[in-house]
Amino acid sequence: MCFVLAWAGPFLWMVSTSFKLPSQVMTRDIEWIPRTFTLQNYVAVLKYPIATWALNSIIAATIATGLCIAASALAGYALARLRFPGRKLIFMIFLASLMIPPEIGVVPLLIGMIRMDWASTYQGLILPTVANVLGVYIFRQFFLTFPRELEEAAIVDGAGPLRIFWSIALPLARSPAIAATVIVFTLNWNNFLWPLLITFDEDMKTLPVGIAAFAPVVGTHTQMEGYAVAMAAVTLLCIPSVALFLLLQRYFIAGLSAGGLKG
Amino acid sequence: MANDEQTAAAETSAVAFVGRSKIDWTGYAFVAAFAVPFLLFNVAPVLFGIYVGFTDWAIIGEPNWIGLDNYREALHDTWFKQAFVNVLLYALLVVPGVVVLGLSFALFVNRSWPLSGLARTILFTPNVVSATVIGLVWVWVLDTQFGLLNHYLGWFGIGPIPWLTSANWSLIGVSIASIWWDLGLGFVLFLAALQDVPKDLYEAASIDGAGFIRQQFAITLPHIRPTISMVVTLQIISTMRIFSQVYVMTNGGPAGSSASVIFTIYQSAIVRNMLGYASACSVLLFLAVLAVTLLQRLVLREVAHA
């Protein structure tokens, strides 16, 4: 249990440092409880365009996740319940794509975006992150075990696939929908490489990319501000994903262990 | 495996049921909702990237076909070679770290009831935060003079170790942060696997006088071998593609000692504007990941049959 507690150490240290006076951060002894509690580091963080970055992150992660879940629910339902030639093959291709590192495509994608003048735009930031195969996988697994009696009655009534999907299948798919949403949202919220590449303007950066400039080797913010402000910035950054995880832990773990897939 | 059978059964029944009438053309429309962005933004760039790897493309101008020149250059590039060695070292440190620690924690949490929920939360939380958080927190924890880790190591007369500022240590420093970040997923998968091991096997073994350690080697390990293999595979793939921690924590330094392959790809593409070369390097990385993954599968299978 000691080791488990040690695992939380870096987080506690982060929060503790964020409330310290910058002059009391570098101390010979480790002080877990700040001698003086202060909010001045959080105020200092607000000097940077952190609200803009946060807004960008919220817009990008929310739209990308929404589109991904809508598309995944439709595709996952079709691949599990509708009969048409090639559906097994299509699913195999989706799964096989997980083997290929997206980095091979990142450079051409970036050039394409620059040529279309989509660099530093929301569509450039969002669209490449929409097709997350994990979503399709979770929905397909769920709809495969869906009791078919529910659909039969609707078919007898002459309802088409879209009606059945919308009014019967989807309302019952709450738990896969939540699982897929929290996982995909977290991945989008934390996404680093693509937002780093596609955003040239300070005003279009997302939170992880903007705050990364507080690192001593990358940017210039910390050299001026020190660890206390940097820790305040990352504490703000991890609040949404950690809160989401603590609230919906069950769905997170169920969704991830279902496929043993990530990203 | 029971799950697969269930799935297969459900699949056939669904087919039999819907299939009475005709082909559901709507299916294609439903799939297209996902397949269109998938093809445009995931598949097409990868295919184009493979092509670009055979050209001398810079952002300006048209790509000219230069055959295998980029690949030849990569194999002679000392930076790229060092980065390649580095990702193998990262894999050698991070993969066993995640598997051994993740499995030990899972065994511990699986046994002791009262605080196992809390332990699970603590161990998994690092997994849900971004690389920026990991990077900045660990730069501070690994600080040579005032860092948490060196302080406590000092109690044992160790250090101070220049974790991120010395070429000998930077790769190890980044690996420690990566293990902390990645452990959660492996841990959760191990825990799920442990709960499927039949409990009566342990009872029988303890009646036969086998101790805790013996039981783990005789019963637990053989039962969860598929999960171990899966965690090792996933971890190799993600560790060999390490980038954001490196970017935030050390920027590849000092002197390239912690640079990963994707980090050099990023530099070739963005800083040095050599797109063809960068694409060729990413294809090489993919082939290396594939080779290591297949090799690891083979080795684990051999060990199991030995």
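The values are calculated or read from the model by the stated rules, or taken from the named source; none is laboratory data. It should be emphasised that the depicted structure is a prediction, and the values quoted were computed from it without experimental measurement. Cβ atoms come from the backbone with ideal geometry, glycine included; neighbour counts cover every protein chain shown. In case anyone asks, the SASA skips ligands and DNA or RNA and just uses the protein heavy atoms, side chains included. Shrake-Rupley method; radii C 1.70, N 1.55, O 1.52, S 1.80 Å.
Brief remarks follow.
- Restricting the stretch B:126-157 to residues that are in a loop (DSSP other than H, G, I, E, B) and of a type in the set (Val, Ile, Thr), the residue that is nearest to residue B:244 (Cα to Cα): B:129
- Residues of the stretch A:149-162 satisfying the condition of being more than 8 Å from chain B (Cβ to nearest Cβ) and of a type outside the set (A, V, I, L, M): A:149, A:157, A:158
- The combined condition, being more than 17 Å from the chain's Cα centre (by Cα) and closer than 25 Å to residue A:252 by Cβ, is not fulfilled by residue B:99.
- Within the stretch A:163-216, restricting attention to residues that are touching a helix residue (DSSP H, G or I) at 6+ places or on another chain (Cβ under 8 Å), over 24 Å from residue A:145 (Cβ atoms) and surrounded by fewer than 18 Cβ atoms within 10 Å (Cβ to Cβ), the residue that is nearest to the other protein chains (Cβ to nearest Cβ) is A:202.
- Among the conditions (1) free of Cβ contacts under 8 Å to residues at least 60 places away in the same chain; (2) more than 8 Å from every other protein chain (Cβ to nearest Cβ); (3) open to solvent by 70 Å² or more (accessible area, probe 1.4 Å), the only one that residue B:149 does not satisfy is (3).
- Some residue of the stretch B:242-262 being over 22 Å from the mean Cα position of the chain (by Cα) and over 29 Å from residue B:56 (Cα atoms): yes
- Screening the candidates A:21, A:5, A:55, A:46 for the property of being within 30 Å of residue B:106 (Cβ to Cβ) and exposed (fewer than 15 other Cβ atoms within 10 Å of the Cβ) yields one hit, A:5.
- Residue in the stretch A:226-244 that is within 7 Å of chain B (Cβ to nearest Cβ), surrounded by fewer than 21 Cβ atoms within 10 Å (Cβ to Cβ) and at pLDDT below 90 present: no
- Scope the stretch A:140-175; condition of a type in the set (S, T, N, Q) and under 14 Å from residue A:78 (Cα atoms); matching residues: A:141, A:145
- Single match in A:33, A:50, A:69 (criterion: β-branched (Val, Ile, Thr) and modelled with pLDDT of 90 or more): A:69
- Among helices (runs of 4 or more DSSP H) entirely within the stretch A:21-116, having at least 3 residues that are within 13 Å of another protein chain (Cβ to nearest Cβ) singles out A:50-81, A:87-96, A:103-115.
- Complete set of residues in the stretch B:26-54 that are more than 7 Å from chain A (Cβ to nearest Cβ) and under 16 Å from residue A:160 (Cβ atoms): B:29
- Residue that is least open to solvent (accessible area, probe 1.4 Å), among those in the stretch B:268-284 that are without any contact (Cβ under 8 Å) to a residue 24 or more places away in the chain and not aliphatic (A, V, I, L, M): B:268
- Leading residue by the ranking (most open to solvent (accessible area, probe 1.4 Å)) among those in the stretch A:141-162 that are among the aliphatic types (A, V, I, L, M) and without any contact (Cβ under 8 Å) to a residue 40 or more places away in the chain: A:156
- Subset tally (residues that are under 17 Å from residue A:232 (Cα atoms) and not small (Gly, Ala, Ser)) for the stretch B:132-151: 9
- In the stretch B:18-96, counting only helices (runs of 4 or more DSSP H) that sit wholly within it, the ones holding 2 or more residues that are open to solvent by 40 Å² or more (accessible area, probe 1.4 Å) and closer than 24 Å to residue A:69 by Cβ span B:26-37.
- Here the helices (runs of 4 or more DSSP H) wholly within the stretch B:185-299 that include at least 1 residues being within 27 Å of residue A:187 (Cβ to Cβ), in contact with a Leu (Cβ under 9 Å, 6 or more places away or on another chain) and within 12 Å of chain A (Cβ to nearest Cβ) are B:221-240, B:244-249, B:261-266.
- Of all residue pairs spaced 6 or more apart or on separate chains, those with beta-carbon atoms under 7 Å, a first member in the stretch B:209-231 that is over 14 Å from residue B:104 (Cα atoms) and a second member that is in a loop (DSSP other than H, G, I, E, B) are B:218/B:210; B:219/B:197; B:223/B:197; B:230/A:260.
- Answer residue from the stretch A:86-118, given it is among the basic types (Lys, Arg) and over 16 Å from residue B:273 (Cα atoms) and is most open to solvent (accessible area, probe 1.4 Å) among those: A:88
- Residues being crowded, with 23+ Cβ neighbours inside 10 Å and under 25 Å from residue B:163 (Cβ atoms) - total across the stretch B:103-126: 3
- Residue check, residue B:170 of a type in the set (Ser, Thr, Tyr), open to solvent by less than 20 Å² (accessible area, probe 1.4 Å) and closer than 20 Å to residue B:126 by Cβ: no
- Residue B:252 being at positive phi and touching a Ser or Thr at 6+ places or on another chain (Cβ under 8 Å): yes
- Taking (1) in contact with a strand residue (DSSP E or B) (Cβ under 6 Å, 6 or more places away or on another chain); (2) within 30 Å of residue B:128 (Cβ to Cβ) in turn, residue B:276 satisfies each apart from (2).
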